[in-house]
Amino acid sequence: MRSDSFDELDRQLVNALQLDPRIPFSRLASVLGVSDQTVARRYSRLRTEGLIRVLGLTDPEVLGEDRWMVRVQCTPDAASAIAEALARRDDTTWVSLNSGGTEISCVARAGVDQEEHALLLQRLPRTPSVVGVTAHCVMHTFFGGAMSLVTKWDTLAPEQVALLTPPPPSRGAERPVRLDEGDKRLLAVLAQDGRASLGELAAATGWSQSTVRRRMAELHDSGALYFDMEFERRIFDLTARALLWLSVAPAELAATGEALAEHPEVAYACATTGATNVHAVVFAPDTTSLYTYLTTRIASLPAIRQVETTPIMRQVKGASPLPARPLRAARLSPAAAARR
């Protein structure tokens with residue numbers, strides 16, 4: 001069943017913006033077969049109500065950063081406060097309250113020459129009401145980052161996908177890619193609004209618009225910069241979310257991860273260190289559908305020895321390292337939205 005609040009055009013818009021996040025609305029309207037004004041109105045409504053957000057994000061592997069999947073077990077009375085404190089840090093993403101409010105999970109990022117993530121892991125066990133902390137280093141990503149869950153669904157026709165899909169980045173730059181202060185100012189704006197105008201980006205960096213355009217293209221082509229969509233899961237009638245912690249036979253680790261990456265329920269999958277060596281984030285229409293997924297697709301993967309399922313109760317922070325800026329109460333006009 002589809003939600004009464006959203007229609008197929010809303011879902012097509014989300015999918016299209018995932019494929020080409022900075023596409024001009026005139027071109028997007030042409031591909032979707034509607035008017036410019038219709039696209040602008042739909043985008044304005046979804047964006048100003050906090051239902052979608054285009055983000056410009058950085059790839060930690062290209063920047064030479066480590067990622068840690070951190071699990072914090074705590075008493076229920078302290079969970080919200082600890083999660084909010086973690087969300088305020090600029091080295092964390094994907095902070096969530098899980099398992100009835102007794103566990104927090106987050107992703108912590110740091111350069112290999114930085115000790116800030118180590119300090120985070122040292123301080124957490126000393127925090128009152130924290131009863132346990134485990135951390136899993138991400139070794140390989142099977143699905144996630146620039147690859148989005150919405151692109152697995154048949155929201156758009158194949159010919160529309162072909163028209164909207166830009167050439168992939170060459171990733172020819174020497175790694176790790178080094179960022180200067182201007183790059184960091186540019187990326188800070190894009191992390192809040194991936195469709196920020198060239199004028200806004202020029203004002204933030206002190207560069208000319210042509211320099212902004214060139215540097216953004218260089219960062220994207222190197223793989224350091226990619227774009228993603230945060231979206232309200234009700235748009236696609238997804239109410240159940242869970243984290244999976246899987247123990248997989250080492251000889252079958254790659255094959256199992258690649259199989260998971262193909263599942264339409266899997267938004268993210270990676271290989272990690274630790275007692276469990278594969279982590280996945282899954283979405284389903286409801287709890288019954290989640291059960292069916294676990295007992296069919298997951299059960300059919302022969303190398304999985306053990307599965308721990310952790311329901312996500314509340315997402316405190318998403319993909320951006322920076323909290324979302326408060327949205328204006330008034331909706332953007334179609335003309336203003338088109339500039340976004």
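Here are some notes:
- Test: residue in the stretch 142-150 that is part of a helix (DSSP H, G or I) and within 24 Å of Pro264 (Cα to Cα): yes
- Screening Arg67 with (1) surrounded by fewer than 16 Cβ atoms within 10 Å (Cβ to Cβ); (2) in a strand (DSSP E or B); (3) of a type in the set (Lys, Arg) gives one miss only, at (1).
- Out of Ala87, Ala81, Ala108, sole residue that is at pLDDT 90 or above, open to solvent by less than 30 Å² (accessible area, probe 1.4 Å), of a type outside the set (Ser, Thr, Tyr) and more than 16 Å from Ile312 (Cα to Cα): Ala108
- Selection from the stretch 214-270 of residues that are closer than 30 Å to Arg45 by Cβ, small (Gly, Ala, Ser) and in contact with a Ser or Thr (Cβ under 7 Å, 6 or more places away or on another chain): Ala240, Ala242
- For the stretch 134-178, a tally of residues being within 20 Å of Arg213 (Cβ to Cβ), in contact with a Leu (Cβ under 9 Å, 6 or more places away or on another chain) and surrounded by fewer than 16 Cβ atoms within 10 Å (Cβ to Cβ) returns 1.
- Of all the criteria given as (1) assigned to a loop (DSSP other than H, G, I, E, B); (2) over 22 Å from the mean Cα position of the chain (by Cα); (3) within 23 Å of Asp154 (Cβ to Cβ); (4) not aromatic (Phe, Trp, Tyr), the one not satisfied by Ala275 is (3).
- Top-ranked residue in the stretch 238-264 [being in contact with a helix residue (DSSP H, G or I) (Cβ under 9 Å, 6 or more places away or on another chain) and open to solvent by 40 Å² or more (accessible area, probe 1.4 Å); ranked as farthest from Ala284 (Cα to Cα)]: Glu262
The values are calculated or read from the model by the stated rules, or taken from the named source; none is laboratory data. Since we're looking at a predicted model, the values are computed, not measured. Note that each Cβ is placed from the backbone with ideal geometry, even for glycine, and that neighbours are counted across all protein chains shown. Heads up: the accessible areas ignore ligands, DNA and RNA and are worked out on the full protein's heavy atoms, side chains in. Shrake-Rupley method; radii C 1.70, N 1.55, O 1.52, S 1.80 Å.
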